Every structure is written in structure tokens, then in C-alpha cells.
Amino acid sequence: MTPSTPRHTSQADTPQEAGKRAAGEAAADWIRDGARVGLGTGSTVRYFLLALGRRVKDGLRVHGVPTSHDTATLARQLQIPLLPEDDAWTLDVAIDGADELDPHLHAIKGGGGALLREKIVAAAARTLIVLVDHTKCVPVLGTSMPLPVEVTPFGWPSTARHLQAIGGHTPTLRTRHGVVFQTDGGHYILDLPLHETHDYARLEALLNLIPGVVENGLFVNRTSTVIVGSPDGVRVTHRDESSPV
Ligand code: 5RP
């Protein structure tokens with residue numbers, strides 16, 4: 001773990017916001033000239049994008065692959081060049097947030113509903129760097145939120161029943177402002193409270209075997225490096241100390 005202090009702080013920041021800002025800005029420093037970068041989604045990644053945009057303005061050459069329409073829109077505003085959606089990209093690094101992170105660097109993602117594109121982009125990247133503020137670190141996944149599972153609208157109640165059989169609890173269809181939430185890919189999200197389990201890899205694989213499940217928000221053994229931000233700065237943890245980032 002390597003601590004370092006934040007450079008930009010705002011009087012208005014809550015401790016959580018200061019943590020997000022610190023993590024996002026630190027990550028932008030790690031992007032090398034010429035890198036091909038997966039651009040995650042969420043309020044923590046937003047700080048990364050703003051800082052990366054400043055570096056691009058100063059001459060850094062990068063190409064990004066956005067994981068959501070929101071991220072694509074912000075990246076374009078910041079003049080971060082984007083690769084076409086339908087390229088067979090190989091990326092140097094994906095930078096993304098998470099909703100929960102356990103001590104083994106396993107994560108739950110999908111609070112913002114972008115989990116499918118986030119997992120595709122992470123899988124295309126040599127390394128995945130996850131940015132979180134200190135409030136996201138939990139002893140066990142599922143502590144503060146259910147697991148997002150992206151499903152096809154067709155037959156979703158039937159898919160929900162299968163999820164319940166595996167997860168042990170009743171999933172909830174995600175809504176926003178009173179209407180069913182739809183992902184960028186036009187799918188629904190079922191939020192599944194988790195049974196206590198330590199075999200997240202098995203659960204991640206099992207859930208994806210259910211017909212109708214498009215992807216789930218478990219990111220197991222995928223994270224190479226975590227940057228945890230707090231008002232005091234950032235702490236960096238590598239999964240494998242010998243692996244270069
Ligand atoms: C979106 C995600 C986000 O990375 C996750 O929800 C964290 O978001 P935030 O940084 O806003 O807390 O997985 O699908």
C-alpha cells in the first residue's frame with residue numbers, strides 16, 4: 001500500500017466526494033502517452049475523465065473506449081478521442097469505479113447500470129484499475145447493496161425466479177423515477193440480495209448460465225490494482241506486486 005496526498009480539494013467536498021476526487025485524479029496520472037484506455041462509468045470515474053481531459057489538452061495522446069453513453073458524452077466534451085464501438089480493441093488499461101470492494105479486490109459493479117459494457121471493456125484490457133472512495137470497502141460483498149444482474153426484458157419474471165433459486169433472496173426489478181430502468185443495451189436490471197458466500201467465482205459463473213441473464217455485476221479476480229481515495233489522499237493496492245501497471 002502506497003499512501004499519497006491529494007492535490008485538488010474543494011471546500012464543498014464531503015469526505016466521500018473528496019475520496020472520489022482523490023482516486024480519480026490519481027488514476028489520470030498513471031495514463032501513459034499513446035495508451036488505449038477503457039473509460040468506466042460513474043461519479044468517481046468522472047473525476048478521472050476530467051483530469052484525463054486536462055492532460056489531453058496539454059498534449060497527452062490517448063484513445064478511449066467508453067462503457068456508457070454518459071461517459072461517451074463527457075469524453076467527447078473533453079475531446080478525449082474514442083475508438084469505434086465495433087473495433088476488436090485491445091486496451092492497455094481499463095479504469096472504472098465500483099459499488100463494493102472486498103479485501104481480495106473482488107468487486108460488485110452495476111450500481112449505475114453499465115455493468116455489461118464495463119465487463120466487456122475490462123475483459124479487453126491488460127489491466128483493470130478500480131477507483132473507489134473509502135466508503136466502498138466492505139468485508140464481504142453484498143454488505144451495503146444487492147448484486148445487479150442484467151437480464152433481457154423478455155421473460156424477466158421467469159429469470160427472476162431462477163435467480164432467487166440460486167441467490168436465495170427475491171430480486172427486485174430496478175426502476176428509476178417510477179419507470180423500469182433500462183440499460184444502454186435496452187435490458188433490465190434485477191437487484192439480487194446476496195446469500196453469504198465466499199465462492200464468488202462460482203456464483204459469477206452460475207448466474208450467467210441462467211437463460212435470460214445477460215451479465216452480472218460480480219467482478220471476481222479481474223482487478224489488477226485498486227486506488228482507494230479518502231480525504232487524506234489515496235492508497236494503492238496491487239493484486240500481484242510483481243505485475244506492472
Ligand atoms: C456503474 C458502475 C460504477 O462504477 C459504480 O456504480 C460506482 O459508481 P460511483 O463511482 O458513482 O459510486 O459500476 O455501472
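Which of (1) surrounded by fewer than 24 Cβ atoms within 10 Å (Cβ to Cβ); (2) among the aliphatic types (A, V, I, L, M); (3) within 20 Å of residue 52 (Cβ to Cβ) is the odd one out, the single condition residue 94 does not satisfy?
(1)
Please verify whether residue 116 is within 15 Å of the ligand (Cβ to nearest atom), within 29 Å of residue 16 (Cα to Cα) and assigned to a helix (DSSP H, G or I), treating the condition exactly as stated.
When the stated conditions are applied, residue 116 passes them.
Identify, from the list 133, 86, the residue that is under 16 Å from residue 223 (Cβ atoms) and among the acidic types (Asp, Glu).
From the options 133, 86, the qualifying one is 133.
Can you confirm whether residue 147 is under 13 Å from residue 191 (Cα atoms), buried (at least 22 other Cβ atoms within 10 Å of the Cβ) and either within 16 Å of the ligand (Cβ to nearest atom) or in the same structural domain as residue 188 (by TED's automatic domain parsing) (or both)?
Here the answer is yes, as residue 147 does meet what is asked.
How many residues are charged (D, E, K, R) and either without any contact (Cβ under 8 Å) to a residue 24 or more places away in the chain or over 17 Å from residue 107 (Cβ atoms) (or both) when one looks only at segment 177-195?
So the count comes out to 1.
Yes or no: residue 85 near the ligand (Cβ under 10 Å from one of its atoms) and in the same structural domain as residue 64 (by TED's automatic domain parsing)?
Against the criterion (near the ligand (Cβ under 10 Å from one of its atoms) and in the same structural domain as residue 64 (by TED's automatic domain parsing)), residue 85 does not qualify.
Kindly check whether there is at least one residue in segment 173-182 that is at pLDDT 95 or above and buried (at least 21 other Cβ atoms within 10 Å of the Cβ).
For segment 173-182, residues at pLDDT 95 or above and buried (at least 21 other Cβ atoms within 10 Å of the Cβ): absent.
The values are calculated or read from the model by the stated rules, or taken from the named source; none is laboratory data. This is a predicted model, so every value here is computed, not measured. So basically every Cβ, Gly included, is an ideal-geometry build from the backbone, and we count neighbours across all protein chains shown.
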